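These notes are about the structure you will find just below.
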Amino acid sequence: MQAKTGVLFYHLRPQQDSATISEHIHSFFNLSENEIHGFNTFHSPSSYFLGRKFDFIVLHYSLFGTYPFFLSSDLRTYISNSRAVKIFFFQDEHQFHLQRIDLLNKLGVDQIYSCLEQIYFDEIYSRHLQNKIQLFESLTGYVNPEYKNNIEALSNKSYVERKYDIGYRSRKLSLKCGKGSQEKYKIGEFFLHSSEFSNLKKDISSDDKDRIYANNWLEFLGNCKFTLGAESGVSVFDVSGKIYRGYDDLIAKGLTDEEAYKQSIEKYEKNINYRAISPRIFEAAATKTCQILLEGKYNNILEADKHYISIKNDFSNYKAIINKMKDQEFVNYLTQNCLSDLILSDKYSYSTFIKGFDLNLAMITNNQDKIAVAPFRKTKKYQNKTLKIFIYKLRNSNFLFKKNIKSALIFLQNKANK
């Protein structure tokens, strides 16, 4: 495959300590077979840069976390005028929806990698955009390559040697984005204050001063027998741009969080269930920390009683949870499955994610059919029988682990055409 030249626009403040964002950004530079240049929009573009041409342009989700977005007028003009393939990665899509659509129509877009389920693609994007585009499902984060190489160091303490029975960190968010956004906080509060778990040694906090970051977080998890969790995301998606504004107006008038929720948000619960598996799941898997999670889909990656202990949203099955926590053989079964299926398999690794990205880019630039290569789900819709066969071969081959992707593509295409 002839390498293409592209630029990745992202936004990071100096000394910003966000491992998840940094890992996602650097995976393109470190793992792609294409020549990718980075541009941090924290800085202003030079005239030299604005005169360069690229085969493709990637706009990272770190540009769109707040509004106005982190794109200067010079960069917007540059991107709009470019004839490169334009690829957007989005997260936190529940906010600034109308502003995103306006930006996409002004800059032009060929592909979007979204954390939405496919069933919502048309409602959120396709029907609002001027041009026909491709939409791919993507995870909020992937497995750091270092996890697989350092399993022994990450999980060097046995179950009985670990200091804490349960270790967990969360934040309390407002009800502005629905009750789903509070689940991570809710499960922590239940285990912290429930008398049923009072005999356990716990380190659970939702206080910002107790936050733990980067390697210190992995070390902390490695010293816990169990950790808690829930799906990331929100249960109310502001499609119109008016839902969250209504809540803000009521808060400004002096209403409480619960009162504002009842009057402006509750009726929209699960209008679009924007939930996803969290990178924390992978971190716990790498440290062999058993996970107790609120029931959910988790992108259909996890299975209850195979990868985690499932607790109901009303915590009514807490007695069953206690019994499962006491069964060390069962706990070991769960942690081993997580380690094998999520970490050692490479299925959800950054290398697999970037190889899929490179493959998709190769097919675009070679004017072949475009397909989505999501490292966690098969594409459900096919354009024709030949493409269906091709995708089947693609999914069931070991091409992702071959260095010569072009040879693999030719091989599979010939097979599909027979």
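Read the figures in this text as sums done on the coordinates, not as results from a lab. Not measured: the values here are computed from a predicted model. A quick note on method: Cβ atoms are made from the backbone with ideal geometry, for glycine too, and the neighbour counts reach across all protein chains shown.
Quick notes
- Each peptide in 86-96, 216-226 was scored by the mean count of other Cβ atoms within 10 Å over its residues; highest first, the order is 86-96, 216-226.
- Antiparallel bridges, percent of DSSP beta bridges restricted to the chain (to nearest 5): 10
- Residue pairs, from the table Lys201/Lys326; Lys148/Lys326; Lys179/Lys225; Lys148/Lys306, whose Cα atoms sit over 18 Å apart: Lys148/Lys326; Lys179/Lys225; Lys148/Lys306
- Backbone HN-Hα couplings from phi across segment 172-178 [Karplus 6.51/-1.76/1.60, Hz, Gly and Pro as x]: 8, 9, 6, 7, 4, 9, x
- Put a plus charge on the Cβ of each Lys and Arg, a minus charge on the Cβ of each Asp and Glu, and nothing anywhere else: the dipole of the chain about its Cα centre is then about 1360 debye.
- Estimated from helical segments only, the mean residue ellipticity of the chain at 222 nm is -10000 deg cm²/dmol, where each DSSP H run of four or more residues counts as -39500 (n - 2.57).
- Prolate/oblate/rounded call for segment 8-128, Cα gyration tensor, a/c under 1.5 rounded: rounded
- With kT/(6 pi eta Rh) evaluated at 10 °C and eta = 1.306 mPa s, and Rh the Kirkwood radius from Cα pairs, segment 120-190 diffuses with a coefficient of 92 µm²/s according to Stokes-Einstein.
- With Cα atoms as the point set, segment 206-339 shows a radius of gyration and Dmax of 18.1, 55 Å.
- Build a GNM of the chain with springs between Cα atoms under 10 Å apart, and of Tyr48, Tyr348, Tyr61 the one that fluctuates most is Tyr48.
- When the chain is treated as a Gaussian network with alpha carbon springs shorter than 10 Å, the biggest mean-square fluctuation among Ala214, Ala362, Ala284 belongs to Ala214.
- Neighbour-limited loop hits for GluC sites (Glu not before Pro), segment 128-162 (at most 15 other Cβ within 10 Å; DSSP other than H, G, I, E, B): Glu161
- Compactness index (Cα Rg / 2.2 N^0.38 Å), the chain: 1.03
- Choice from Asn360, Asn300, Asn144 with maximal GNM fluctuation in the chain (Cα, 10 Å cutoff): Asn300
- Think of the chain as a dipole: +1 on every Lys or Arg Cβ, -1 on every Asp or Glu Cβ, centred on the Cα centre; then among Ile354, Ser195, Tyr168, Ile354 lies furthest on the positive end.
- Loop-located trypsin sites (Lys or Arg not before Pro) in segment 235-307 (DSSP state other than H, G, I, E, B) with a sparse environment of at most 14 neighbouring Cβ atoms within 10 Å: Lys242, Lys253, Lys270, Lys297, Lys306.
- Rounded to the nearest whole Hz, the Karplus-based 3J(HN,Hα) values (6.51 cos²θ - 1.76 cosθ + 1.60, θ = phi - 60°) of segment 232-245 follow the sequence 6, x, 9, 10, 10, 10, 8, 6, 8, x, 10, 5, 5, 5, with x at glycine and proline.
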